[in-house]
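Enquirer: Dumping the structure here so I can ask a few things about it.
The values are calculated or read from the model by the stated rules, or taken from the named source; none is laboratory data. These numbers were taken from a predicted model, which means no experiment stands behind them. Virtual Cβ from ideal backbone geometry, glycine too; neighbours counted across all protein chains shown. Side chains included, ligands, DNA and RNA excluded: accessible areas come from the protein's heavy atoms. Shrake-Rupley method; radii C 1.70, N 1.55, O 1.52, S 1.80 Å.
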Amino acid sequence: MNTPIRVLVLALAVAGLGACTKKEVVKPMQSDPVRTTEQTPTQPMQDESWTNPALLDSKPCLVSRIAYFDYDQATIKSEALEMLKCHGKWLAANPGARISLEGHADERGSREYNVALGERRGNSVRDLLLANGGRGEQVGVVSYGEERPICTDSSDNCWSKNRRAEIVYTAKQ
Amino acid sequence: MTGEPMQRLISALLLLILVSGARIANAQGLEIDIVDGREAAIPVAIVPFAWEAASMPDPSAIDQIVRADLNRSGQFRVLRKEDVVELPARAADVRFPTWKMLKQDYLVIGRVLSAGEAGFRVEFELHDVLKQQSLLALALPVRPGEFRAVSHQIADLVYEKILGVRGAFFTRVAYITAKRQGEGKYEYAIWIADSDGFNPQRIVWNSEPFLSPSWSPDGRYLAYVSFERQGGHTIYVHELATGSRRLVSSFKGINGAPTFSPDGTRLAVTLSKGGNPEIYLLNLANNGLTQLTRHFAIDTEAAWMPGGNSLLFTSDRSGKPQIYGVSVDGGTPERISAAGEYNAKVTASYDGRLLAMVQGNKNVYRIAVVDRERGGAGAVRLISPGPLDESPSFAPNASMILYAAREGNRGVLYAASVDGSVRQRLALPDGDVREPAWGPFRQR
């Protein structure tokens with residue numbers, strides 16, 4: 001994805017969120033006055049509530065957004081499980097949240113096979129998010145194959161960083 | 001001004017001109033880098049062509065281009081220019097004993113004459129040194145700026161006369177470059193150039209990647225994959241003469257690996273719109289789709305066999321990527337590749353006899369050429385050293401293979417003779433070069 005556009009989308013999403021929180025009081029859907037008065041004093045920003053957008057950037061398992069894979073594999077590794085369950089929970093709690101899963105491969109082998117492999121990795125992550133509360137329309141998958149390496153040396157260390165699926169929020173809530 | 005500073009200034013200017021001239025030449029072309037020679041190569045002498053036209057000589061030296069072409073093929077060993085001791089321009093001037101003494105089997109001579117308004121005529125002759133006989137004497141018309149093209153045509157004619165196989169020097173290649181434009185920013189571009197890397201022309205460029213350029217059989221179109229649309233891949237068919245392009249595939253998921261059918265009417269493509277990458281045939285006249293493979297594994301990188309009755313593709317249905325073959329009407333695919341842990345990105349020679357693919361063994365990826373008419377140990381030959389070679393593409397006469405390799409942190413292209421005896425690097429001055437695709441024969 002084009003970085004400036006991604007930043008713009010993010011900025012719009014954040015601006016949108018800000019606007020929503022302010023408007024919440026006057027929204028017809030949220031017209032119950034009892035609930036509104038209840039919400040204001042009992043929702044401090046440090047709240048662990050799964051609908052608080054700040055949590056996405058503070059809770060470690062939500063801040064973490066990359067799952068790594070073994071060579072020519074798309075099986076989710078145990079160290080990525082907690083992180084992915086967290087994002088699944090976030091999707092369940094925030095029906096408006098949208099994720100683009102970007103699948104990647106290391107440089108070894110042919111490019112189009114690696115595009116397919118990247119998609120398979122994205123799909124593995126999607127399946128896990130859906131099994132943990134996410135819904136189909138919340139998660140899209142796009143593969144970059146070996147075209148977007150994080151690291152460009154031809155070494156085992158570098159390759160292990162490039163075999164990944166990245167969670168990119170296109171809408172947080 | 002005294003003489004000495006003036007002289008210095010002139011030498012400095014001359015040096016500047018020389019240096020910049022050399023840099024331009026380098027930026028245009030490729031580094032000539034014969035990695036390995038072949039004992040059985042045929043010795044040929046090429047005499048610099050005499051310039052007999054009225055105007056200033058064209059800077060393209062025909063003999064140098066022909067020499068480089070023939071050397072690169074691996075079939076010939078052309079006499080070094082400094083060993084060309086006589087400069088005959090016509091048959092009457094040839095002294096055969098000289099060339100026999102230099103152990104040359106063949107001799108090419110020629111001259112450039114004025115012809116018509118601002119035009120030229122190149123006359124050239126091929127002689128058999130041992131038989132002291134003229135094998136070929138032809139005159140080719142040349143317009144200004146066409147000397148490189150005509151030189152490649154002369155190399156093709158010499159190649160064909162001696163070997164009985166059509167030469168493929170007067171052809172074009174397509175490739176992809178990635179140039180870093182700053183932190184995390186790249187410019188990706190698709191280029192076409194002459195078969196020796198000269199005359200590069202940028203066809204299309206974007207900040208998002210391109211993949212898998214594929215020539216139409218008539219050389220008029222390139223099909224390729226672009227990531228330029230947000231969140232998805234698309235396949236375009238691009239007309240080279242006009243620069244106009246048509247979006248032919250933009251389904252959800254992968255739209256990848258396009259390759260034109262031998263008759264040019266269809267593209268084999270990889271689509272994952274059904275949830276999993278499968279090979280489809282896309283009819284270019286009506287956009288109709290026919291699904292060719294049905295398997296939960298990855299199926300991709302389709303290549304047509306000549307005649308268009310069957311295709312080869314990469315599949316990991318056995319656990320690792322291997323090459324399979326399937327009829328154009330569908331049916332159960334059959335595994336083709338035998339040796340190697342990893343085989344992918346296959347391509348077939350024009351006659352279907354040779355298959356080239358990427359073969360991986362213990363982290364080393366090399367280009368393997370399979371001769372389907374040979375059995376046993378001789379059937380598979382690894383023609384590149386690795387460790388990260390990919391994207392083989394046959395010349396239209398199957399004499400050579402272009403492929404991509406990694407050197408340091410960048411991609412470079414190699415042209416190798418099909419037996420692997422000669423390899424030559426085609427390097428651009430900067431950037432990362434990948435995915436070469438050798439175009440079809442061109443009309444002379």
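Enquirer: Look at the range B:81-96 and say how many of its residues are open to solvent by 90 Å² or more (accessible area, probe 1.4 Å), closer than 19 Å to B:P43 by Cα and out of contact with any strand residue (DSSP E or B) (no Cβ under 9 Å at 6 or more places or on another chain).
Expert: Qualifying residue count for the region: 3.
Enquirer: Turning to a different aspect of this structure: Before we move on, is B:I367 more than 14 Å from every other protein chain (Cβ to nearest Cβ), at pLDDT 95 or above and surrounded by 20 or more Cβ atoms within 10 Å (Cβ to Cβ)?
Expert: When the stated conditions are applied, B:I367 does not pass them.
Enquirer: Filter the range B:399-412 for residues that are away from every other protein chain (no Cβ under 14 Å) and either in contact with a strand residue (DSSP E or B) (Cβ under 6 Å, 6 or more places away or on another chain) or part of a strand (DSSP E or B) (or both) and give the result.
Expert: B:M400, B:I401, B:L402 - these are the residues of the range B:399-412 that are away from every other protein chain (no Cβ under 14 Å) and either in contact with a strand residue (DSSP E or B) (Cβ under 6 Å, 6 or more places away or on another chain) or part of a strand (DSSP E or B) (or both).
Enquirer: So, in the range B:348-364, exactly how many residues are open to solvent by 10 Å² or more (accessible area, probe 1.4 Å), away from chain A (no Cβ under 11 Å) and part of a strand (DSSP E or B)?
Expert: The qualifying residues number 3.
Enquirer: Turning to a different aspect of this structure: May I ask you to say which residue of B:T234, B:T242 is under 26 Å from B:P440 (Cα atoms), surrounded by fewer than 19 Cβ atoms within 10 Å (Cβ to Cβ), in contact (Cβ under 8 Å) with a residue 12 or more places away in the chain and of a type outside the set (D, E, K, R)?
Expert: B:T234
Enquirer: Moving on to the next point. Can you find even one residue in the range B:162-169 that is assigned to a strand (DSSP E or B), of a type outside the set (D, E) and closer than 23 Å to B:S349 by Cβ? Outline the logic, then answer.
Expert: Of all residues in the range B:162-169, those assigned to a strand (DSSP E or B) come to none.
Within the range B:162-169 (the criterion being assigned to a strand (DSSP E or B), of a type outside the set (D, E) and closer than 23 Å to B:S349 by Cβ), the answer is no, since none of the residues qualifies.
Enquirer: Would you point out which residue out of B:E39, B:E31 is modelled with pLDDT under 95, open to solvent by less than 80 Å² (accessible area, probe 1.4 Å) and within 26 Å of the chain's Cα centre (by Cα)?
Expert: One residue alone meets the criteria, B:E31.
Enquirer: Ok, one more. Can you tell me how many residues in the range B:120-153 are open to solvent by 40 Å² or more (accessible area, probe 1.4 Å) and either part of a strand (DSSP E or B) or farther than 22 Å from B:V165 by Cα (or both)?
Expert: Residues that pass the stated criteria total 13.
Enquirer: Filtering the range A:122-165 down to residues that are of a type in the set (S, T, Y) and out of contact with any strand residue (DSSP E or B) (no Cβ under 8 Å at 6 or more places or on another chain), which residue is nearest to the other protein chains (Cβ to nearest Cβ)?
Expert: Looking at the filtered set, the residue picked out is A:T152.
Enquirer: Residues being open to solvent by 20 Å² or more (accessible area, probe 1.4 Å) and farther than 15 Å from B:V269 by Cα: count how many of those fall in the range B:306-326.
Expert: Number of matching residues: 7.
Enquirer: Just wondering, is there one or more residues in the range B:97-107 that are out of contact with any strand residue (DSSP E or B) (no Cβ under 8 Å at 6 or more places or on another chain), exposed (fewer than 13 other Cβ atoms within 10 Å of the Cβ) and not in a strand (DSSP E or B)?
Expert: Yes, the range B:97-107 contains a residue that is out of contact with any strand residue (DSSP E or B) (no Cβ under 8 Å at 6 or more places or on another chain), exposed (fewer than 13 other Cβ atoms within 10 Å of the Cβ) and not in a strand (DSSP E or B).
Enquirer: Go through the residues of the range B:365-384 one by one and say whether even a single one is free of Cβ contacts under 8 Å to residues at least 60 places away in the same chain, within 24 Å of B:A68 (Cα to Cα) and not in a strand (DSSP E or B).
Expert: The answer is yes, given that some residue of the range B:365-384 is free of Cβ contacts under 8 Å to residues at least 60 places away in the same chain, within 24 Å of B:A68 (Cα to Cα) and not in a strand (DSSP E or B).
Enquirer: Right, another one. Strands (runs of 3 or more DSSP E) wholly in the range B:191-301 with at least 1 residues that are of a type outside the set (F, W, Y) and within 28 Å of the chain's Cα centre (by Cα) - which ones?
Expert: It comes to B:201-206, B:210-215, B:221-226, B:234-239, B:245-249, B:255-260, B:266-271, B:278-283.
Enquirer: Given the conditions (1) assigned to a loop (DSSP other than H, G, I, E, B); (2) within 14 Å of chain B (Cβ to nearest Cβ); (3) at pLDDT 95 or above, report the number of the one that A:G109 does not fulfil.
Expert: With respect to (1) assigned to a loop (DSSP other than H, G, I, E, B); (2) within 14 Å of chain B (Cβ to nearest Cβ); (3) at pLDDT 95 or above, A:G109 is out only on (3).
Enquirer: Sticking with this one: Of the conditions (1) open to solvent by less than 20 Å² (accessible area, probe 1.4 Å); (2) at pLDDT 95 or above; (3) on the phi > 0 side of the Ramachandran plot, B:G197 satisfies every one except a single condition; which number is it?
Expert: (2)
Enquirer: Still on this model: Those residues that are open to solvent by less than 40 Å² (accessible area, probe 1.4 Å) and within 14 Å of chain A (Cβ to nearest Cβ), I need them from the range B:213-231; list them, please.
Expert: Of the range B:213-231, the ones open to solvent by less than 40 Å² (accessible area, probe 1.4 Å) are B:213-216, B:219, B:222-227.
If the condition is that a residue be open to solvent by less than 40 Å² (accessible area, probe 1.4 Å) and within 14 Å of chain A (Cβ to nearest Cβ), then B:P213, B:S214, B:A223, B:Y224, B:V225, B:S226, B:F227 are the ones that fit.
Enquirer: Being farther than 24 Å from B:T177 by Cα, open to solvent by less than 20 Å² (accessible area, probe 1.4 Å), touching a Gly at 6+ places or on another chain (Cβ under 7 Å) and touching a residue at least 40 places away in the same chain (Cβ under 8 Å), is that true of even one residue in the range A:131-138? Write out each step before concluding.
Expert: Going residue by residue through the range A:131-138, those that are farther than 24 Å from B:T177 by Cα are A:131-138.
Still in the list and also open to solvent by less than 20 Å² (accessible area, probe 1.4 Å): A:134, A:138.
From the residues that got through so far, the ones that are touching a Gly at 6+ places or on another chain (Cβ under 7 Å) too are A:134.
Cutting the leftovers down to touching a residue at least 40 places away in the same chain (Cβ under 8 Å) gives us A:134.
Checked against the condition, which is being farther than 24 Å from B:T177 by Cα, open to solvent by less than 20 Å² (accessible area, probe 1.4 Å), touching a Gly at 6+ places or on another chain (Cβ under 7 Å) and touching a residue at least 40 places away in the same chain (Cβ under 8 Å), the range A:131-138 yields at least one hit.
Enquirer: Considering A:A116, A:A67, A:A92, which residue is away from chain B (no Cβ under 11 Å), of a type in the set (A, V, I, L, M) and either closer than 30 Å to B:D389 by Cβ or touching a Phe, Trp or Tyr at 6+ places or on another chain (Cβ under 6 Å) (or both)?
Expert: Answer to the selection: A:A67.
Enquirer: For the subset of the range B:320-335 comprising residues that are of a type outside the set (D, E, K, R) and not in a strand (DSSP E or B), which member is nearest to the other protein chains (Cβ to nearest Cβ)? Can you show your working first?
Expert: Step one: of the range B:320-335, the residues of a type outside the set (D, E, K, R) are B:321-328, B:330-333.
Of the ones still in play, those that are also not in a strand (DSSP E or B) are B:321, B:328.
On the way: B:P321: 6, B:V328: 20 Å.
Checking each candidate, the answer is B:P321.
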